[in-house]
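Here's the structure we're looking at; comments come further down.
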Amino acid sequence: MAKLMGLSRTDARRAVENGKVTVVQFGLGKLGLPLAVAIAAAGAKVVGVDLNEALVDALNRGENPLPEEPGLSELIPELVSKGRLKATTNWREAVKLGDVYVVAVPVTVEEDMRPRLSALLDVSEKMAHGLAPGDIVLIETTLPLGTTRRVAALLEEKSGLRHGVDFGVVHAPERTSSGRMLRDITESYPKIVGSDSAEALEAAVGFYSAINRKGVIEVSSSIAAEAVKVFEGVYRYVNIALANELALYAEEKGFNVWEVIDAANTQPYCHLHRPGAGVGGHCIPVYPRFVLYDALKMGFDARVLEAARRVNDAMPLHAVYLLVRALNDLGKPVRGSRVLVVGLTYRPHVREYFMTPAAPIVEELKDMGALLYAYEPAALKEDFERFGVKEWRGEEVDAALIVSGYKEFAEMVSRGEVKAEAIVDARGVVSREKAEAAGYKVYRLGEG
Ligand SMILES: NC(=O)c1ccc[n+]([C@@H]2O[C@H](COP(=O)([O-])OP(=O)(O)OC[C@H]3O[C@@H](n4cnc5c(N)ncnc54)[C@H](O)[C@@H]3O)[C@@H](O)[C@H]2O)c1
């Protein structure tokens, strides 16, 4: 088996493609599983380590735990049967095998914006048990700036090896979206890599050249690579806040923000984003908080980001306000009204509830005494129970509030199939014309 530290990029790439490299990867979730598949498909042997036994067992049987991700159902059985991909909960055995370690466990934030690094630190300690001279560590998880250096220091301390001499840590941030993970990993965008070890960086360029057809972009340090990924998220977060503010302005002023955004974006310098009921998931709302928390500690005044956070955090309650107005027009108090919340997850068809706008919306409506149903195709029975809402099976309601942009629900509205008097659309997915023609009262975010 081949150690990559010290190899040229060409030799490192060849070693991966020729099946000479064993990768031990921590985390087989929504990012980690497609990543492990892409690495194994490129030629490496991958041993995935996860805490979730059911997931590990399913994978070892050749089953695809993420059927919604294109490409996995074909590749997983093939790679597992060829012995190129396997999973385990036994990290002690696994860490002995690695030439390359890949980290794909989540880093999120606490309520007070403090980064939640526990999973990352846990797997770092575990890796240190197996780390051997010549190994490289590739951290794919999006990180608060400076964390790669912290992991390198921890690995030095726990393994007794020297960073940059015996082993190297590289930040190689994933740039993916659920629903198209495999494509994003292998061909949508170039891979970004940054390290404080020149040798590890060279090897990482070779490693990712075997996986990503769009090529690899090297930046000068691990912190620069961390910043690339965090800034991509910050850019989207701030622009969503801008769109949200313009939507609120349009409501006050009395015009339709959606048609304005579409028309303005025909000019190549304008990229107005889409307003909505709030920003959720463990990516876009998290990365600005990495910066905000850092700013708080450093005494740096992050004025734009702080303003964006205030705007975005206020959107779930604005969606509730639109619903209250709709019920008011029907002459109904919230208490006792039957309300259908459309979308509990932060994004259609992705079973992820971290920071989902539906959580404060449901809480507020419950507090006001509404009888709540939810339409959520991604949810399991226990998810409805956890939110304390009933799964909607077509029951008649007073109003439906669209929190995440389920197009199939919008089409049911267009066809008049939802038994409700009012439709409140906080995502801009419902056609006002068609919904009104079907007999609904329609309220849309960003329309005065
Ligand atoms: N899912 C996406 O669409 C997406 C998009 C962009 C970025 N990301 C990134 O991916 C990272 C990982 O997120 P995800 O979506 O894969 O999360 P996830 O919750 O789907 O999966 C995380 C996996 O890691 C495992 N895990 C957690 N702690 C562990 C530990 N200590 N040891 C071993 N396994 C452990 C969990 O059991 C789970 O299977 C995020 O931090 C984010 O940077 C994900």
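None of the figures in this text is laboratory data; all of them are computed from the coordinates on show. Predicted model only: the values in this text are computed from it and were never measured. Note that we place each Cβ from the backbone using ideal geometry, even for glycine, and neighbour counts take in every protein chain shown.
Does segment 266-323 classify as rounded, prolate or oblate by the C-alpha gyration tensor (a ≥ b ≥ c root eigenvalues; a/c under 1.5 gives rounded; else a/b over b/c gives prolate, otherwise oblate)?
oblate
So what is the calculated 222 nm ellipticity per residue for the chain, using -39500 (n - 2.57) for each DSSP H run with n of 4 or more, over all residues, to the nearest 500 deg cm²/dmol?
Rounded to the nearest 500, the figure is -13000 deg cm²/dmol.
Would you be so kind as to identify which of Val24, Val107, Ala422 lies farthest towards the positive end of the dipole of the chain, taking Lys and Arg as +1 and Asp and Glu as -1 on Cβ and the Cα centre as origin?
Highest projection toward the positive end goes to Val24.
Taking neighbour Cβ counts within 10 Å as the exposure measure, how do Ile223, Ile261, Ile39 sort from fewest upward?
Ile223, Ile261, Ile39
Taking the highest mean first, how do the peptides 356-365, 194-203 order by number of other beta carbon atoms within 10 angstrom per residue?
So the order, starting with the most tightly packed, is 194-203, 356-365.
How much FRET efficiency would the formula 1/(1 + (r/R0)^6) give for Ser73 and Lys366, where r is the Cβ-Cβ distance and R0 is 56 Å, rounded to 0.05?
0.90
Quick check: net charge around Leu145, other residues with Cβ under 15 Å of its Cβ, Lys/Arg +1 and Asp/Glu -1?
+2
If I stretch the segment between His129 and Leu296 completely, what's the gain in nm (0.36 nm per residue apart, minus their alpha carbon distance), one decimal?
Between His129 and Leu296, full extension yields 56.6 nm more.
Please name whichever of Val56, Asn256, Met1 sits farthest to the positive end of the charge dipole of the chain, dipole taken about the Cα centre and charges placed at Cβ: Lys and Arg +1, Asp and Glu -1.
Met1
So which chymotrypsin sites (Phe, Trp or Tyr not before Pro) in segment 242-303 end up in coil per DSSP with only 14 or fewer other C-beta atoms within 10 Å?
Phe255, Tyr269, Phe300
At most 15 other Cβ atoms within 10 Å plus a DSSP loop assignment makes a site exposed; report the longest stretch of the chain without any exposed trypsin sites (Lys or Arg not before Pro).
215-334
May I ask which of Lys86/Lys158; Lys30/Lys191; Lys82/Lys126; Lys390/Lys441; Lys158/Lys191 have a Cα-Cα span longer than 21 Å here?
The answer is Lys86/Lys158; Lys82/Lys126; Lys390/Lys441; Lys158/Lys191.
Using 0.36 nm times the number of residues separating Ala437 and Glu110, minus their current alpha carbon distance, what extension gain do you get?
Length gained, Ala437 through Glu110: 113.2 nm.
Please label the shape of segment 9-220 as rounded, prolate or oblate, based on the square roots a ≥ b ≥ c of the eigenvalues of the alpha-carbon gyration tensor (a/c under 1.5 means rounded; beyond that, a/b larger than b/c means prolate, else oblate).
It is rounded, given that a/c, with a ≥ b ≥ c, falls under 1.5.
In terms of the Cα gyration tensor, with a ≥ b ≥ c the square roots of its eigenvalues, is the chain rounded because a/c is under 1.5, prolate because a/b exceeds b/c, or oblate?
Judged from the Cα gyration tensor, the chain comes out prolate (a/c at least 1.5, a/b above b/c).
If you average the C-alpha positions of segment 115-138 and of segment 222-297 separately, how far apart do those two centres end up, in angstrom?
Here the answer is 33 Å between Cα centres.
Summing Lys, Arg as +1 and Asp, Glu as -1, what charge do residues with Cβ under 13 Å from the Cβ of Asp57 carry, Asp57 excluded?
Charge balance in the 13 Å sphere: -1.
What number comes out for the charge environment of Glu433, summing +1 per Lys or Arg and -1 per Asp or Glu over other residues with Cβ under 15 Å away?
Net local charge, Glu433 excluded: 0.
For the chain, with only Lys/Arg (+1) and Asp/Glu (-1) charged at the beta-carbon, what is the dipole magnitude about the Cα centre, in debye rounded to 20?
580 debye
Could you work out the relative contact order of the chain? I mean the mean sequence separation of Cα pairs under 8 Å and 6+ apart, divided by the number of residues, in percent.
Computed value for the chain: 12 percent relative contact order.
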